[in-house]
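The values are calculated or read from the model by the stated rules, or taken from the named source; none is laboratory data. Computed from a predicted structure; not experimentally measured. Neighbour counts are summed over all protein chains in view; Cβ atoms, including those assigned to glycine, are modelled from backbone coordinates with ideal geometry. For the accessible areas, the whole protein counts, side chains as well, though only heavy atoms, and no ligand, DNA or RNA atoms are used. Shrake-Rupley method; radii C 1.70, N 1.55, O 1.52, S 1.80 Å.
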Amino acid sequence: MKERTPQMRWEARAQGPLLGLAVAFGGAYAVPIVAPDAASWVHTLCSAVEWVVWGAFAFDYLVRLVLAPGKWLFVRSHPLDLLAVVLPLVQPLRLLRVVATLLLVGRRARMAPQITLTTYVGGAVVGLMMFGSLAVLRVERDAPGGNIKTLGDAVWWSFTTMTTVGYGDHAPTTGLGRLLAVGLMLSGIALLGVVTANIAAWFIARFERDDVEERRQTALLEALTREVKELRAEVATLSAAASVTAMADTAAGAGTVPAPAGPSDDAAVRG
């Protein structure tokens, strides 16, 4: 088994806590949008939670950068993590931290079975849809001429956008909302394509395993059939040899039987 590096050990330990922080960040991000009339202390608390989560991601990124054997290679291979740490907390760029968390959880998903990868990607699809809905609602709710005014409208728009159906009954009217729509469409196409491809790959792999098992059983039956034929041939050979030996023994035994005594022999005995 390959020995894990300090970076891999840190990522394994931090994966669970960061996932919990991502859930907390999602709640802190959603509450002010869903309940804009909430008390001021609620908004303050949500903002504080967002800053704490941002600090946790920044700390995690710095630790992984220090532990990485190749610093520049690590930076190039984790661009979204870097953006999530460097960019300030402005709407809607702070959503990048949620995406970064999904990437952290599924960092080595490519080495996992197809079902596990599909689970990760399916979670990413749901996360992007929900947070895309919240982001577009925040942008479009107060826009003049906007038609996305409720959370239900935003979720419906997000779902039709990610699936590229686009009924047109709800559409963003602001430049930022349209930018969100482009990102959501591209993400939906990519992620749903990955889900479909991996489900197909799982079925293909399953069929291949079944085919290999069937071929193995067929080869085993053929080998057993050959062995049975060989055993039958050996039994037939041994039976033939035993018959020949028995006939030879019978013939040899018949040639050594003493001849009956004749008249001259009887006279010699009487004399």
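Measuring between their Cα centroids, region 180-195 and region 144-170 lie 15 Å from each other. Backbone geometry of region 168-174 corresponds, through the Karplus equation with coefficients 6.51, -1.76 and 1.60 at θ = phi - 60°, to 3J(HN,Hα) couplings of x, 6, 10, 8, x, 10, 8 Hz, x marking Gly and Pro.
Averaged per residue, what accessible area in Å² does region 173-243 show with a 1.4 Å probe, protein chains only? Could you put the intermediate results ahead of the total?
Working: 5310 Å² over 71 residues.
Per residue, region 173-243 has 75 Å² of solvent-accessible surface.
Applying 0.36 nm per residue to the separation of Gln217 and Val34 and subtracting their alpha-carbon distance, the gain on full extension is 59.9 nm. Close amide-amide hydrogen proximity is noted between Gly166 and Thr161, each under 5 Å apart and 5 or more residues distant or on a separate chain (H modeled in the peptide plane; Pro and chain starts excluded).
Accessible surface comparison of Trp51, Trp72, Trp10, probe 1.4 Å, protein chains only, largest first: the order is Trp72, Trp51, Trp10. Summing charges over neighbours of Val75, with a neighbour being any other residue whose Cβ is under 15 Å away from its Cβ, gives +1 when K and R count +1 and D and E count -1.
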